[in-house]
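First the structure, in the form of structure tokens, and then the observations on it.
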Amino acid sequence: MNRIRRTGRGRRTAMGAGAAVVAALTVLLSGCGIRTTSVPVDAGHAPSRVPCSIEDEDVSAQPPGVPVRVFLVCGSQLEAVERRSPLPEEKAGGDPVRTASVLLAQLATEPSRSERQAGFTTAVKGPLVVSGGHPGDPAGTLRLSRQPEDLAPTALSQIVCTFAPSAAGAGADAVVLGGPGAYPPRRYRCTTELRERPESAAPTAGLPTPTAS
């Protein structure tokens, strides 16, 4: 019996020591500014696992045409993708409206199988066409068949970042866009922040000098 009582006291002593250690750790963590909790913490969404990179394809298997560069959506950001346009080589450059039309058609085209597997999507939906500016518009103005501000923010970001560095752009990573109505066009800029957060509003800048009527 004495042995049993001594064993019971030993267990109680061990349990008391364990509780003391837990209490000490709690005080230590609190002193370091770390708040203890028994409620699971929501750490947000898991990091994206999409590769956002397309493996090099056999050149002979690619469709004929002119290489073009468009910005698609991948992992909640804009990423550049190279495609081939059916526009004949001799008509590829020089005309901003023609270039913009080719790029817009590519943006509105559903991603290919390899693009989808890499995680690419597009927010640009048709019908949507582009034409030249109205009389009195600044040089290089492009007019969309819908008011730019009426487009989904991500779709407008894709258009701005695709047009800006091309022959359709107005220089300095910008493009001058307007809609079909009498509203004046605006100069939209493609920035690093816009490519990282395409759902935000595209930043604007001052317009170039208008052309003579």
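Each reported figure results from applying straightforward, stated rules to the coordinates on display, with no laboratory input. Model, not experiment: these values are computed from the prediction. Glycine gets a Cβ as well: all are built from the backbone with ideal geometry, and neighbour counts include every protein chain shown.
Protection proxy ranking of 170-176, 181-187, by the mean of other Cβ atoms within 10 Å over each peptide's residues and highest first, is 170-176, 181-187.
Taking amide H atoms as placed 1.01 Å from N in the peptide plane, the amide H of Val68 lies under 5 Å from those of Arg83, Arg84, Ser85, each 5 or more residues away in sequence or on another chain. Basic side chains Lys and Arg get +1 at the Cβ, acidic Asp and Glu get -1 at the Cβ, and with that the dipole of segment 91-142 about its Cα centre reaches some 180 debye. Residue-wise HN-Hα couplings along segment 98-103, as the Karplus relation 6.51 cos²θ - 1.76 cosθ + 1.60 with θ = phi - 60° gives them from phi, are 5, 4, 4, 5, 5, 5 Hz; Gly and Pro carry x. Summarising the amide proton neighbourhood of Gly132: residues at separation of 5 or more, or on other chains, whose placed amide H is nearer than 5 Å comprise Arg143. Taking 0.36 nm per residue of separation and subtracting the Cα-Cα distance, full extension of the segment from Glu55 to Val129 would add 23.5 nm. Compute the Cα gyration tensor for segment 59-205, then decide on rounded, prolate or oblate, letting a ≥ b ≥ c be the square roots of its eigenvalues: rounded whenever a/c is under 1.5, prolate when a/b is larger than b/c in the other cases, and oblate in all that remain. Taking the square roots of the gyration eigenvalues as a ≥ b ≥ c, segment 59-205 is oblate. For the peptides 71-77, 133-139, 102-108, the ranking by packing is 102-108, 71-77, 133-139, with the highest mean count of neighbouring Cβ atoms within 10 Å listed first. Answer rounded, prolate or oblate for segment 132-203, using the Cα gyration tensor with square roots of eigenvalues a ≥ b ≥ c: rounded when a/c is under 1.5, else prolate when a/b is larger than b/c, else oblate. It comes out oblate by the Cα gyration axes. 3J(HN,Hα) along segment 72-84: 10, 9, 8, x, 6, 10, 9, 10, 6, 10, 9, 10, 10 Hz, from the Karplus curve 6.51 cos²θ - 1.76 cosθ + 1.60 with θ = phi - 60°, whole Hz, x for Gly and Pro. Computed from phi, the 3J(HN,Hα) profile of segment 179-190 under the Karplus parametrisation 6.51, -1.76, 1.60 (θ = phi - 60°) reads x, x, x, 8, 4, x, x, 10, 9, 9, 10, 9 Hz, with x in place of Gly and Pro.
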